[in-house]
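Q: Following this message is one structure expressed as C-alpha cells.
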C-alpha cells in the first residue's frame, strides 16, 4: 500500500467528561492508548500515524507517554474543535487521505484500517465508513476521507457539532461520493465498560 499522502490520525485526550484519564487507564498490562496505537502501527508505517490531542495542561502526561513510547508525530490543538486538529495535521504533512481513529476503541482491526484507505481509491470516493448498519462485530468501526472534503466542510459548516465530531458534515453532505459498510462502536465511557474490556483482553474466549 502506497504511503504517499496517507495518514492515520488518532484523536485522544485525558479530559473526558464521562471517564477522565481513560487514555492512560490500564487495559490488561498496557494503557488503553497503547492498544490503539499498536493496532494502527500494524496497519501502516510509523511515519503515517499521528496523535491529535489538545493543548491543555491535563494532556501533557498523555503526550509524554506517547512520545517516549512510540515517537509518532503529535499535534496539540484546540480542545473543542477536534476537526481543526485533523485539518492542521493534514496540511502540515500534505495528507490527501486520512483514517480517523478514536482512542477509546481498542479493538480496531488493522485489515479494516487498510481497507478504508483502499476504498478511497475506488471510483473517486470522498468518504468511507464501515458502520452504517451492523455487519462486523462491535468495536471494528473505521472511517476515512479525502482531506479536500474536510477542508471544504470547514468552509461550509461552522457548527460546534461538526467541530467536535469531525466527520459529521461529511457523513451528511449530499455533495460527496460516499461508500459505506457496517459495524458499531464499543467506546470506553465508564469504569464498568473498561472493566468488561479488561476481562475480554485478559481472559479471551476459546470457542
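Q: Can residue 194 be described as crowded, with 18+ Cβ neighbours inside 10 Å, at pLDDT below 90 and not in a loop (DSSP other than H, G, I, E, B)?
A: yes
Q: Return a yes/no flag: does segment 119-141 have any residue that is assigned to a helix (DSSP H, G or I), free of Cβ contacts under 8 Å to residues at least 40 places away in the same chain and on the phi < 0 side of the Ramachandran plot.
A: no
Q: While we're looking at this one, here's another question. I need a count of the residues in segment 1-28 that are surrounded by fewer than 20 Cβ atoms within 10 Å (Cβ to Cβ), touching a helix residue (DSSP H, G or I) at 6+ places or on another chain (Cβ under 9 Å) and more than 20 Å from residue 89 (Cα to Cα).
A: Qualifying residue count, segment 1-28: 10.
Each row is one residue, and each column tells you yes or no for (1) under 15 Å from residue 164 (Cα atoms); (2) loosely packed, with under 14 Cβ neighbours inside 10 Å; (3) in contact with a helix residue (DSSP H, G or I) (Cβ under 7 Å, 6 or more places away or on another chain).
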| position | (1), (2), (3) |
| --- | --- |
| 46 | no, yes, no |
| 57 | no, yes, no |
| 62 | no, no, yes |
| 71 | no, yes, no |
| 74 | no, no, yes |
| 82 | yes, no, yes |
| 85 | yes, no, no |
| 90 | no, no, yes |
| 93 | no, no, no |
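Q: So residue 9 passes all but one of these: (1) under 17 Å from the mean Cα position of the chain (by Cα); (2) assigned to a helix (DSSP H, G or I). Which condition number does it fail?
A: Condition not satisfied by residue 9: (2).
Q: Suppose we filter 154, 200 for residues that are surrounded by 14 or more Cβ atoms within 10 Å (Cβ to Cβ), out of contact with any strand residue (DSSP E or B) (no Cβ under 6 Å at 6 or more places or on another chain), modelled with pLDDT of 65 or more and not in a loop (DSSP other than H, G, I, E, B); which single one remains?
A: Step by step, each of 154, 200 is checked, and only 154 is surrounded by 14 or more Cβ atoms within 10 Å (Cβ to Cβ), out of contact with any strand residue (DSSP E or B) (no Cβ under 6 Å at 6 or more places or on another chain), modelled with pLDDT of 65 or more and not in a loop (DSSP other than H, G, I, E, B).
The values are calculated or read from the model by the stated rules, or taken from the named source; none is laboratory data. Given the structure is predicted, the values throughout are model-derived calculations rather than measurements. Please note: Cβ atoms are built from the backbone with ideal geometry, for glycine as well, and neighbour counts cover all protein chains shown.
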